[in-house]
Amino acid sequence: MKLFCSAVSLFIISIILFYHTANAQNAKQEVRISPKAEVMQTVGFTDIKIIYSRPGVKNRIIWGKLVPFDAVWRAGANEATKFIFSTDVYVEGKLLKKGAYSFFAIPGKKEWTLIFNKVADQWGAFEYNETQDALRLKVKPEKGNWQEWLAYTITKTSDTSAIIRLEWEKLRIPFKVEVKL
């Protein structure tokens, strides 16, 4: 009987400790200031997925201040933005092999450099290494409607093409992605 009572007591203590630990872990979680988001579109037979974090403008000067010109930026917040292509694609006419890539940008006043980097999982741009770039291309920024929270959109334009846009504040950065059937 003593053995049974000890086992029951041990079981009850284990349950109490489990629930206490679980509640303590939940209490430590905080809402992300720049929440995670995903967007996905199938173009032809290719799935295009973008995983990113969405910083807000929050009355800050974004371009040239929070996001400096002529410096590598993670094109989002927190972890570097990630693009995943299920097949080979052509980005602005340049071949990019299927796979997962971190996505960076070098903003400029009149022209941006967009970068797909082979190291898909990175925190920010702190360990960005140019030698790991799979593709770099130049695009022109456009004026856009007000966008408080950074967003990526994928607009399918045909069975084999789409326009991807990074949109934030009053700026849009579009680029074309094409696939082969």
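The values are calculated or read from the model by the stated rules, or taken from the named source; none is laboratory data. A quick note: this is a predicted structure, and the numbers were derived from the prediction, not measured. Cβ sites come from the backbone with ideal geometry, for glycine too, and all protein chains shown count toward neighbours.
Quick notes on this structure:
- Flag for Tyr52 being in the same structural domain as Leu171 (by TED's automatic domain parsing), within 10 Å of the chain's Cα centre (by Cα), more than 14 Å from Tyr128 (Cβ to Cβ) and not hydrophobic (A, V, I, L, M, F, W, C): yes
- Within the stretch 67-100, being within 16 Å of Ala37 (Cα to Cα), assigned to a strand (DSSP E or B) and modelled with pLDDT of 95 or more holds for Thr81, Lys82, Phe83, Ile84.
- Residue list for the stretch 68-95, restricted to those being of a type outside the set (S, T, N, Q) and over 30 Å from Gly56 (Cα atoms): Asp88, Val89, Tyr90, Gly93, Lys94, Leu95
- Residue tally, condition in contact (Cβ under 8 Å) with a residue 40 or more places away in the chain and among the small types (Gly, Ala, Ser), over the stretch 91-124: 3
- Residues that are surrounded by 16 or more Cβ atoms within 10 Å (Cβ to Cβ) and either in contact with a Gly (Cβ under 8 Å, 6 or more places away or on another chain) or among the aliphatic types (A, V, I, L, M) (or both) were ranked within the stretch 116-133; the one that is farthest from Asn59 (Cα to Cα) is Ala120.
- Of Ile84, Ile51, all but one fail to be crowded, with 19+ Cβ neighbours inside 10 Å, under 16 Å from Thr153 (Cα atoms) and without any contact (Cβ under 8 Å) to a residue 60 or more places away in the chain; the exception is Ile51.
- Subset tally (residues that are part of a strand (DSSP E or B), over 20 Å from Thr113 (Cβ atoms) and hydrophobic (A, V, I, L, M, F, W, C)) for the stretch 129-181: 5
- Residue under evaluation Ala75, criteria (1) more than 21 Å from Arg136 (Cβ to Cβ); (2) touching a residue at least 60 places away in the same chain (Cβ under 8 Å), criterion not met: (1)
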